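First the structure, in the form of C-alpha cells, and then the observations on it.
The values are calculated or read from the model by the stated rules, or taken from the named source; none is laboratory data. Given the structure is predicted, the values throughout are model-derived calculations rather than measurements. Positions of Cβ are backbone-derived with ideal geometry, glycine not excepted, and every protein chain shown enters the neighbour counts. We work out accessible area using only protein heavy atoms, side chains counted, and drop any ligands, DNA or RNA first. Shrake-Rupley method; radii C 1.70, N 1.55, O 1.52, S 1.80 Å.
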Amino acid sequence: MLPTLCALLPALTWVSSQKVLTQTPSVLTDQGRTVSLDCNIAKPESYSVSWYKQVPQAAPQFVLRFYHSHSSPSQYGDNFPSSRFTSKASSSIDYQLIISNVEVGDAAVYYCKTWDGSASEYVSQ
C-alpha cells in the first residue's frame, strides 16, 4: 500500500486575547488505517471546534463541527461521510478529528477552528 500523508501545521496562532490553538505535527499513515489528529483550544469558551481540510491551490473545505457536550458531530461538510469522519473531545479543550479507512484523497492540511470570546473572533490553526 502507498502511504497517505495527512499533514498538520504544528505552529501556534496568537490573537489579541492571547488564545492559542495547538495541533499535532504531520502524520504519515497507510491507506485503510485510522488516524487521529489533535487540537488543543487553550481555554473552553465556545465548547466547539470546526475542522477544515485544505489541499494545495484550493480553498479550505468544511469537514465537521463538534461540540464538547455532544457524542457525535453536529454538522458535516459535503463529501465528508460520517462513516469515515468523526470527532471527539477528551476534555473541554482537547479535541480530535478521527479519519477511518484513510484514502489517498485524504492527504491534506487539516485545520481546527474555534471562537475566542475575549477577542470576539474566530481563531484557527
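Quick check, is residue 117 modelled with pLDDT of 90 or more and not basic (Lys, Arg)?
Criteria not met by residue 117.
In the list 67, 95, which residue meets the criterion of being open to solvent by less than 40 Å² (accessible area, probe 1.4 Å), over 18 Å from residue 32 (Cβ atoms) and touching a Ser or Thr at 6+ places or on another chain (Cβ under 7 Å)? Can you show your working first?
Working: 67 fails: open to solvent by less than 40 Å² (accessible area, probe 1.4 Å).
When all the criteria are applied, what remains is 95.
Being among the hydroxyl-bearing types (Ser, Thr, Tyr), in a loop (DSSP other than H, G, I, E, B), surrounded by 12 or more Cβ atoms within 10 Å (Cβ to Cβ) and at pLDDT below 90, is that true of even one residue in region 43-51?
For region 43-51, residues among the hydroxyl-bearing types (Ser, Thr, Tyr), in a loop (DSSP other than H, G, I, E, B), surrounded by 12 or more Cβ atoms within 10 Å (Cβ to Cβ) and at pLDDT below 90: present.
Report, by residue number, each residue of region 72-102 that is among the hydroxyl-bearing types (Ser, Thr, Tyr) and either more than 20 Å from residue 59 (Cβ to Cβ) or assigned to a loop (DSSP other than H, G, I, E, B) (or both).
Across region 72-102, the qualifying residues are 72, 74, 82, 83, 86, 87, 90, 91, 92, 95, 100.
Looking at (1) modelled with pLDDT of 85 or more; (2) under 13 Å from residue 113 (Cβ atoms); (3) not charged (D, E, K, R), find the lone condition where residue 23 falls short.
It is condition (1) that residue 23 fails.
What number of residues in region 70-92 are over 15 Å from residue 36 (Cβ atoms) and either touching a residue at least 60 places away in the same chain (Cβ under 8 Å) or touching a Pro at 6+ places or on another chain (Cβ under 6 Å) (or both)? Please lay out each step first, then the result.
Restricting attention to region 70-92, the residues satisfying the condition of being over 15 Å from residue 36 (Cβ atoms) are 70-72, 74-83, 92.
Going one step further and asking which of them are either touching a residue at least 60 places away in the same chain (Cβ under 8 Å) or touching a Pro at 6+ places or on another chain (Cβ under 6 Å) (or both), we end up with 92.
Of the residues in that region, 1 qualify.
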